[in-house]
Amino acid sequence: MDAGLEKVIAAETMLSDVDGAGGRLIIRGVLAQELAANCTFEGVLHLLWSGFFDELPSREELARELGMARVRAFTRIYPHIEAIAQQPDMQGLRLGLAFVEDGEGLVTAIDLLAMAVVVTAAASRFRRRQSLVEPDAGLSHAADFIRMSTGQIPSAAVTHAMNAYLVIVSEHGLNASTFAARVVASTRAGLASAVIAGISALKGPLHGGAPGPVLDMLDGIGSPSAARSWIDDALARKERLMGFGHRVYKVRDPRADALKAAIRTLPVSAGRLQLAEAIEQTILQKLKASKPDLNLQTNVEFYTAVLLEALGIPRQDFSCVFASARAAGWVAHAKEQLASNRMIRPKSIYVGPDVKSSVLEPA
Ligand code: ACO
């Protein structure tokens with residue numbers, strides 16, 4: 001038995017390679033940080049999905065279809081937005097995605113990606129008592145999400161930074177949520193069910209629920225001079241410091257620096273970035289001192305928090321934004337699973353009591 005399945009290889013994938021020792025993430029043959037710097041989210045969607053849908057159109061046509069799907073998604077959920085927004089962030093997202101018909105085709109896949117950003121932005125604005133902003137099919141996915149969420153048309157720099165985020169987190173090997181999505185896909189339940197399974201796994205604070213708490217931590221610490229005692233107290237309480245440690249990366253998560261590069265292009269965040277960097281250094285020193293053998297390093301969630309905050313996205317929405325991007329990878333994995341499917345059904349070892357004859361006796 002391998003608790004956590006860390007030594008188990010449960011799939012062959014051509015989608016990405018998470019090189020935990022080398023600190024590299026390769027997505028379909030390209031380094032993730034290169035994709036984040038140079039490729040649109042629509043481009044990475046095309047890259048991830050090619051070979052898995054017979055009817056996959058050109059990158060430009062896929063972008064157009066995604067834009068039209070955002071408009072469809074808004075019409076679909078508008079009458080239900082109050083009920084959706086009554087649920088907290090990720091539960092609201094799950095509810096919104098349940099309006100997408102299950103299926104294994106491209107229309108379902110595009111509808112899921114579109115619905116994710118539309119429901120994230122609309123539910124968030126409803127909760128903040130702001131009027132909803134309808135999608136603009138002519139904008140890029142990144143720009144339209146910022147516009148729907150903040151109500152402002154983003155600058156080129158903001159769009160670029162949002163795009164870099166969506167790209168860098170779009171795919172990441174057989175992490176907990178992707179595995180959950182593949183398990184569900186393997187039962188042939190459909191892509192919507194697989195993506196909702198992914199969201200349910202991502203929701204946890206050990207996986208995709210960390211970036212909101214990262215900001216709470218930065219706020220709680222407040223200044224570099226307060227970092228040491230705050231961190232000592234947290235570690236003494238056996239708390240986990242959000243945005244640090246990773247199951248696979250035993251060196252620095254390469255996505256952290258790609259996100260930091262994106263933050264640097266946003267002048268508005270300079271002060272916050274300085275604070276985050278100072279606190280990061282103190283945390284790394286403290287983790288090294290308290291767990292010298294584990295090599296706990298900064299993970300993607302730390303600078304995700306700083307970036308999404310700089311983009312004006314409320315912290316309660318961070319996990320939903322993460323899920324909206326990772327849905328690209330979940331769909332690709334679900335399709336890859338289906339391409340040579342064998343239902344995923346591992347075994348367990350029974351460690352309960354032996355059969356008791358007494359339970360067979362009449363009362
Ligand atoms: N802060 C303090 N201690 C930590 C941290 C942390 N961030 N991460 C791991 N540890 C400690 C654990 O307490 C444990 O110590 P112990 O053996 O004394 O109890 C030891 O390191 C090993 O921890 P595990 O949970 O076994 O390691 P695992 O590989 O499962 O952890 C995980 C990976 C869940 C990401 C962990 O590092 C963590 O909880 N980090 C904080 C939450 C976080 O940032 N999550 C986002 C991850 S990135 C992503 O999923 C997108």
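The values are calculated or read from the model by the stated rules, or taken from the named source; none is laboratory data. Please read these numbers as outputs of a predicted model, since none were measured by experiment. All Cβ positions, even for glycine, are placed from backbone atoms using ideal geometry, and neighbour counts span all protein chains on display. Note: areas computed on protein heavy atoms with side chains; ligands, DNA, RNA excluded. Shrake-Rupley method; radii C 1.70, N 1.55, O 1.52, S 1.80 Å.
Residues in segment 302-319 that are surrounded by 20 or more Cβ atoms within 10 Å (Cβ to Cβ) and of a type in the set (S, T, N, Q): Thr304, Ser319.
Of all residues in segment 343-363, which are at pLDDT 90 or above, of a type outside the set (Val, Ile, Thr) and open to solvent by 100 Å² or more (accessible area, probe 1.4 Å)? Give the steps one after another, and end with the answer.
Just the residues of segment 343-363 that are at pLDDT 90 or above, to begin with: 343-354.
Pick out the ones that are also of a type outside the set (Val, Ile, Thr) and you get 343, 345-348, 350, 352-354.
Once the filter is applied, which keeps residues that are at pLDDT 90 or above, of a type outside the set (Val, Ile, Thr) and open to solvent by 100 Å² or more (accessible area, probe 1.4 Å), segment 343-363 yields Met343, Arg345, Lys347, Ser348, Tyr350, Asp354.
Pairing each residue of segment 189-216 that is without any contact (Cβ under 8 Å) to a residue 24 or more places away in the chain with any residue that is open to solvent by less than 20 Å² (accessible area, probe 1.4 Å), provided the two are 6+ apart or on different chains, yields C-beta distances under 7 Å for Ala197/Ala181. Of the conditions (1) in a helix (DSSP H, G or I); (2) open to solvent by 30 Å² or more (accessible area, probe 1.4 Å); (3) not assigned by TED's automatic domain parsing to the domain that holds Ala32, Lys250 clears all except one; give me its number. All conditions pass for Lys250, except number (1). Scanning segment 291-301 turns up no residue that is among the basic types (Lys, Arg), over 18 Å from Ala36 (Cβ atoms), more than 7 Å from the ligand (Cβ to nearest atom) and open to solvent by 20 Å² or more (accessible area, probe 1.4 Å). Can you tell me which residue is farthest from Asn175 (Cα to Cα) among those in segment 234-247 that are within 11 Å of the ligand (Cβ to nearest atom) and open to solvent by 50 Å² or more (accessible area, probe 1.4 Å)? If we take residues in segment 234-247 being within 11 Å of the ligand (Cβ to nearest atom) and open to solvent by 50 Å² or more (accessible area, probe 1.4 Å), then Arg237 is farthest from Asn175 (Cα to Cα).
Restricting segment 149-176 to residues that are buried (at least 24 other Cβ atoms within 10 Å of the Cβ) and aliphatic (A, V, I, L, M) leaves a set whose member that is farthest from the chain's Cα centre (by Cα) is Ala161. Of all residues in segment 224-233, those satisfying the criterion of being open to solvent by less than 40 Å² (accessible area, probe 1.4 Å) and in contact (Cβ under 8 Å) with a residue 12 or more places away in the chain are Ala227, Ile231.
Kindly evaluate Thr120 against the criterion of being touching a Ser or Thr at 6+ places or on another chain (Cβ under 8 Å), over 17 Å from Asp317 (Cα atoms) and either within 16 Å of the ligand (Cβ to nearest atom) or of a type outside the set (Phe, Trp, Tyr) (or both). The answer is no for Thr120.
Quick check: anything in segment 261-275 out of contact with any Gly (no Cβ under 7 Å at 6 or more places or on another chain), open to solvent by 70 Å² or more (accessible area, probe 1.4 Å) and either near the ligand (Cβ under 10 Å from one of its atoms) or among the aliphatic types (A, V, I, L, M) (or both)?
Taking segment 261-275 as the starting set, the residues that turn out to be out of contact with any Gly (no Cβ under 7 Å at 6 or more places or on another chain) are 261-275.
Going one step further and asking which of them are open to solvent by 70 Å² or more (accessible area, probe 1.4 Å), we end up with 264, 267-268, 274.
Those still in the list that are either near the ligand (Cβ under 10 Å from one of its atoms) or among the aliphatic types (A, V, I, L, M) (or both) too: 268.
Scanning segment 261-275 turns up at least one residue that is out of contact with any Gly (no Cβ under 7 Å at 6 or more places or on another chain), open to solvent by 70 Å² or more (accessible area, probe 1.4 Å) and either near the ligand (Cβ under 10 Å from one of its atoms) or among the aliphatic types (A, V, I, L, M) (or both).
For segment 126-148, filtered to residues that are open to solvent by less than 20 Å² (accessible area, probe 1.4 Å) and closer than 17 Å to Gly92 by Cβ, the residue that is nearest to the chain's Cα centre (by Cα) is Phe145. Just one residue in the set Val71, Val167, Val118 is touching a residue at least 12 places away in the same chain (Cβ under 8 Å) and out of contact with any Pro (no Cβ under 7 Å at 6 or more places or on another chain); that residue is Val167.
Screening Phe322 on (1) open to solvent by 20 Å² or more (accessible area, probe 1.4 Å); (2) at pLDDT 95 or above shows it passes everything except condition (1).
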